[in-house]
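The values are calculated or read from the model by the stated rules, or taken from the named source; none is laboratory data. Being a predicted model, the structure only gives us computed values, none of them experimental. Virtual Cβ from ideal backbone geometry, glycine too; neighbours counted across all protein chains shown. When the accessible area is computed, the model is the full protein with side chains, heavy atoms only, and any ligands, DNA or RNA have been set aside. Shrake-Rupley method; radii C 1.70, N 1.55, O 1.52, S 1.80 Å.
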Amino acid sequence: MAKAKSLFYCTDCGNETLKWQGRCPACGAWNTIVEQPAQDVKKKASSVSAGVGARRPRPMAEVEAVDELRFNTGMNELDRVLGGGAVKGSLVLVGGAPGIGKSTLMLQICDNLCRFSDVLYVSGEESERQIKLRAQRLGIRDEGLYLFSETNLDDIVAAVQEKKPDILIVDSIQTIYNGDSNSSPGSVAQVKECTMALMHLAKGMGVTVFVVGHINKEGSLAGPKVLEHMVDCVLHFEGEEHNSYRILRAAKNRFGATNEIGVFEMVDKGLVEVPNPSEAMLSGRPENMPGSCVTCVMEGVRPVLAEVQALLAPSAYGNSRRTSNGFDYNRAMMMLAVLEKRGGLMLSNCDFYVNVIGGLTLDEPAADLALIVALASSFRDKPVPFDLAAIGEVGLTGELRSVNAINQRLSEVRRLGFSKCLVPSRSSGKLMAPEGLDLIRVSSIREAIAVLAG
Ligand code: TYD
Ligand code: MG
């Protein structure tokens, strides 16, 4: 008999290859390919064929379609990202770097969930005592909340079948292992198998499952990316190390939109919701400093103000450094080129740094103009007026183009106390300036820079 072949997996993106490579050909990550032993591969093939013939296609007309049953987690920001609450019987994967606050978030939602349902909190990382201490510190009520410190998948499944909780939280998927498999906990094969088993629990018993997954840069653990295609909903919990704001974003959602964000702040009493992100993003904004401009982006249906910062400095030895943090790099490079060619500023000998404050990622063209204004302000060393915001997409000829939902953005700009806003002169739809907000209509970046100089 031919020797069974091993398979190799990328722990970042889950791509399969037949031989080991230093770099994943699919996602380009280095040192993330791991081997999955031959026995596991064989087992996988047989488990697929076992289900053949058990179920049949059904006419669509006979499929009963009732709206999903949803419940609130008690955290509006999380509910918003989930598309209006968690769906009963769904599996939600919450991914994020270690220490970002995933366990804290999960424990905090228990406070509300255990008021009307039984919650089983399984932790493979902390003992029951540790969880209880943390829960006490966070002021979590304890009736209806069961703790289980366990890493063996079979024991967890047995506990769920016995307790029949409405909600199951598993923290984290990388610590759970299936004793029948040869791979080590945290390997691609293990996290896939364990997630599949939890998925069966969710669909079969109607248990709503929240699974925590670590995103690990070194690739020694399989990242949540390899699970994305299996689960109903993937949330990313993001934030910067030295910043207390945390942003929850949906990367995939079978029951809602993926463009909403939830904003939290980590304080000594755990995570608190930030219902007014614009204020948070602008807190501590420097006055009278060149290189900063405020814009308004749409995060789902919610307008959020963001501060774009740019720094231009003469480069040493003619080798310019260019970095962009929170702003799409290619788009930032395009703005730099447009500003040089159409705005007439000599930028090619400059180092160039762009930063968006508060951990937001701006991927909307509406933020273009703010970057142009911040760059021009830094180049000329002249501050942008503190009460001025800028909204508009910039084209390659330096022209300004209209953006969607402009009136909603203008209202938000006004609400946060701005009194002037640069907008594209040609706008689709009627511009309705809120009272107290002067619109400065410009048709090109040259005009915008002239306003700044004047
Ligand atoms: P945690 O939820 O354990 O992170 P994860 O599960 O994503 O690894 O959060 C850990 C960090 O959060 C830790 O560095 C301390 C901080 N933290 C607070 O600042 N305040 C709190 O009340 C709690 C519980 C944690
Ligand atoms: Mg944790």
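Worth a mention:
- Of the residues LEU235, LEU248, the single one that is within 27 Å of PRO275 (Cβ to Cβ) and touching a Phe, Trp or Tyr at 6+ places or on another chain (Cβ under 6 Å) is LEU248.
- Close contacts from the stretch 97-114, counting a first residue that is touching a residue at least 40 places away in the same chain (Cβ under 8 Å) and within 11 Å of ligand 2 (Cβ to nearest atom) and a second that is open to solvent by less than 10 Å² (accessible area, probe 1.4 Å) and charged (D, E, K, R), with Cβ to Cβ under 8 Å and a gap of 6+ residues or different chains, come to LYS102/ASP171; SER103/ASP171; MET106/ASP171.
- Counting only strands (runs of 3 or more DSSP E) that sit wholly inside the stretch 202-285, those with at least 3 residues that are within 16 Å of ligand 2 (Cβ to nearest atom) and open to solvent by 20 Å² or more (accessible area, probe 1.4 Å) are 233-239.
- Selection count where residues are open to solvent by less than 40 Å² (accessible area, probe 1.4 Å), hydroxyl-bearing (Ser, Thr, Tyr) and at pLDDT 90 or above, scope the stretch 405-442: 1
- Set side by side, the residues GLN174, GLN161 differ, and just one is more than 12 Å from ligand 1 (Cβ to nearest atom) and either of a type in the set (S, T, N, Q) or within 25 Å of GLU238 (Cα to Cα) (or both), which is GLN161.
- Going through (1) of a type outside the set (Ser, Thr, Tyr); (2) more than 18 Å from VAL308 (Cβ to Cβ); (3) in a helix (DSSP H, G or I) one by one, VAL413 falls short only on (2).
- Condition met for GLU143 (of a type in the set (Asp, Glu), out of contact with any Asp or Glu (no Cβ under 7 Å at 6 or more places or on another chain) and within 16 Å of ligand 2 (Cβ to nearest atom)): no
- Residue satisfying all of: in the stretch 345-387; open to solvent by 10 Å² or more (accessible area, probe 1.4 Å) and in a strand (DSSP E or B); modelled with the lowest pLDDT among these: CYS350
- Residues being open to solvent by 40 Å² or more (accessible area, probe 1.4 Å) and either at pLDDT below 90 or within 16 Å of ligand 2 (Cβ to nearest atom) (or both) - total across the stretch 289-320: 7
- Within the stretch 426-449, the presence of a residue that is within 19 Å of GLY300 (Cα to Cα) and in a loop (DSSP other than H, G, I, E, B) is excluded.
- Top-ranked residue of the stretch 335-344 - restricted to ones that are outside any loop (DSSP other than H, G, I, E, B) and in contact (Cβ under 8 Å) with a residue 60 or more places away in the chain, ranked as surrounded by the most Cβ atoms within 10 Å (Cβ to Cβ): LEU339
- For the stretch 153-178, the set of residues classified as free of Cβ contacts under 8 Å to residues at least 24 places away in the same chain and farther than 13 Å from ASP118 by Cα consists of ASP155, ALA158, listed by residue number.
- Among the residues making up the stretch 114-154, those that are surrounded by 14 or more Cβ atoms within 10 Å (Cβ to Cβ), more than 16 Å from ligand 1 (Cβ to nearest atom) and not in a strand (DSSP E or B) are CYS114, SER117, ASP118, GLY144, GLU150, LEU153.
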